[in-house]
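Before any comments, here is the structure.
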Amino acid sequence: MAELRPNVLPVGVNDWDRRLFDELIPLPDGTSYNAFLIKGSEKAALLDTVDPAKTTRLIENLLRAGAEKVDYVISHHAEQDHSGAIPDILMFYPDAKVVTNPRCKDMLIDHLGIEEEKFITVEDGETLTLGDKTLKFIYIPWVHWPETMATYLVEDKILFPCDFFGAHLASSGLFVEHEPTVYEAAKRYYAEIMMPFRSAIKKNLEKIADLEIDMIASSHGPIYNNPGFILDAYKDWVGDDVKNEAVVAYVSMHDSTRKMVEHFTGALIERGISVRQINLVNVDIGKLAVALVDAATIVIGSPTVLVGAHPLAAQAAILANALRPKARFATIIGSYGWGGRMVEQLTGMLSNLKAELIEPVLVKGCPGDEHFADLDDLAQEILARHQEEGIVD
Ligand code: FEO
């Protein structure tokens with residue numbers, strides 16, 4: 001069986017077929033639930049488990065890894081894809097104790113009904129010896145739940161940060177083999193799951209900055225044996241800088257909004273602004289989330305339906321609002337037949353964003369030359385704002 005280092009074994013499971021997480025997040029490349037067995041000279045620890053649907057595979061892997069006993073189950077995070085198999089593991093290894101922080105312990109009791117006496121709680125920075133291997137626990141709250149912690153394997157310089165730095169990517173290779181592929185998956189994961197907690201992630205990056213790290217073994221995706229690759233990517237994503245980009249997310253019913261969007265996208269590109277134009281019909285919301293990571297400006301295009309925004313435009317606004325990207329500007333373009341409150345409705349849905357709203361362009365019916373001129377003016381206004389903010393190179 002492969003090892004990360006001597007007596008550090010991967011026992012997690014790939015889920016090649018899973019296509020949705022939380023019945024919301026698309027998984028185009030499946031995912032993995034990574035778990036690790038660390039066999040010290042005196043004690044053995046299992047770091048995290050797997051989604052309950054894969055419990056049998058986890059136990060098979062533990063047996064293949066020679067885990068005659070497990071003394072400790074280290075639970076970094078109470079979400080089911082890492083903790084859901086703990087009750088079965090405790091039945092299989094009845095002497096094992098669950099090692100976690102007090103907050104995670106409470107959540108595991110709430111969600112899984114694990115008995116109180118099964119737990120050992122640890123403080124931030126506390127260590128646990130397995131004999132010749134030492135586990136150091138580091139609290140990393142809000143990546144993406146409040147109770148999350150990491151384990152640093154001192155002698156082997158491996159960081160096990162659970163979801164932090166993860167990527168939904170099933171992979172036959174243990175380690176990152178092709179960095180651009182993993183970069184895309186990790187950025188998608190950051191966008192969908194971590195971006196709302198950008199400030200907390202910055203603090204956690206600072207917290208681990210002084211650790212000597214040879215490997216990062218997250219709970220999803222391949223292991224980073226070049227940790228600088230993902231650490232640098234995260235520093236870029238969580239940094240305050242935005243790029244000279246606009247996301248134009250739109251839906252159109254009778255082509256008026258589509259004609260506006262196509263003209264507007266062209267006007268932005270002519271002015272040197274990169275555009276991600278995203279039709280919201282059957283959209284992969286992961287693509288929309290990724291586009292939001294770096295963009296300086298968010299544009300929502302919508303027709304008016306039943307006096308309000310088209311539901312797909314409303315969904316995009318709700319998603320952007322929940323993900324809290326660092327965009328500096330937002331605006332709305334769209335059309336209506338006889339009236340409505342589409343703009344008010346959409347702007348009300350973007351209340352979490354710190355972006356400044358630039359005056360929208362609305363058209364009654366089909367857009368004509370004067371409306372295209374208005375869209376040119378809006379593109380010029382966005383360029384001017386980007387220039388004022390020093391976003392344009
Ligand atoms: Fe991979 Fe937050 O669970």
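The values are calculated or read from the model by the stated rules, or taken from the named source; none is laboratory data. All of these numbers come straight from a predicted model, not from anything done at the bench. Don't worry about glycine lacking a Cβ; one is built from the backbone with ideal geometry, like all the others, and counts go over all protein chains shown. In case anyone asks, the SASA skips ligands and DNA or RNA and just uses the protein heavy atoms, side chains included. Shrake-Rupley method; radii C 1.70, N 1.55, O 1.52, S 1.80 Å.
Which entries in the list K39/K187; K157/K243; K235/K287; K203/K326; K97/K133; K202/K243 go over 28 Å, if you measure between the two C-alpha atoms of each?
Cα-Cα > 28 Å for K39/K187; K157/K243; rest within.
Shape verdict for segment 8-238, please, from the Cα gyration tensor: rounded (a/c under 1.5), prolate (a/b greater than b/c) or oblate. The partial results should precede the final answer.
Values: a/c = 1.39, a/b = 1.26, b/c = 1.10.
Cα axes put segment 8-238 in the rounded bin.
Looking only at chymotrypsin sites (Phe, Trp or Tyr not before Pro) in DSSP loops with at most 14 other Cβ atoms within 10 Å, what is the longest site-free stretch of the chain? Don't skip to the end; give the middle numbers.
On the way: sites that count: W16, W338.
In the chain, the maximal stretch lacking such sites is 17-337.
Under the 0.36 nm per residue contour assumption, what length would be gained going from the current alpha-carbon distance of E389 and V281 to full extension?
35.6 nm
By a straight-distance test (C-alpha under 14 Å), which aspartates and glutamates pair with K207 as possible cross-link partners, with residues fewer than eight away in the same chain excluded?
D124
May I ask you to compute the full-extension gain from M253 to D241, defined as 0.36 nm times their residue separation minus their alpha-carbon distance, rounded to one decimal in nm?
Here the segment from M253 to D241 would lengthen by 0.8 nm.
For the charge dipole of segment 8-238, defined by +1 on Lys and Arg C-beta atoms and -1 on Asp and Glu C-beta atoms about the Cα centroid, which residue among T129, L9, I74 has the Cα displaced farthest towards the positive pole?
Selected residue: L9.
Rounded to two decimals, what is the ratio between the C-alpha radius of gyration of segment 96-194 and 2.2 N^0.38 Å?
1.24
How long are the semi-axes of the equivalent ellipsoid of the chain, taking √(5λ) for every eigenvalue λ of the Cα gyration tensor, in whole Å from largest down? Don't skip to the answer; put the middle values down first.
Numbers: eigenvalues 433, 82, 59 Å².
Whole-Å semi-axes of the equivalent ellipsoid: 47, 20, 17.
If you roll a 1.4 angstrom probe over the protein chains with everything in place, what fraction of the accessible area of segment 246-383 belongs to carbon and sulfur, to the nearest %?
Roughly 51 percent, rounded to a whole number.
Just how far, in whole angstrom, is segment 36-99 from segment 179-256 if you go by their alpha carbon centroids?
Value for the Cα centre distance between the two parts: 28 Å.
Under unit Cβ charges (Lys, Arg +1; Asp, Glu -1), what dipole magnitude, rounded to 20 debye, does the chain have relative to its Cα centre? Show your work: numbers first, answer last.
On the way: 36 positive and 59 negative charges, 65 e Å.
Roughly 320 debye for the chain.
Putting +1 on Lys and Arg Cβ atoms and -1 on Asp and Glu Cβ atoms, find which of G173, M149, Y183 reaches farthest to the positive end of the dipole of segment 135-183.
With unit charges placed on the Cβ atoms, the residue in question is M149.
At 0.36 nm per residue, minus the direct Cα-Cα distance, what do T129 and E115 gain on full extension? Give it in nm, one decimal, please.
Contour length minus Cα-Cα distance gives 2.7 nm.
Just the accessible area for D241, please: 1.4 Å probe, Å², rounded to the nearest 10?
Only protein atoms counted, so the area is about 120 Å².
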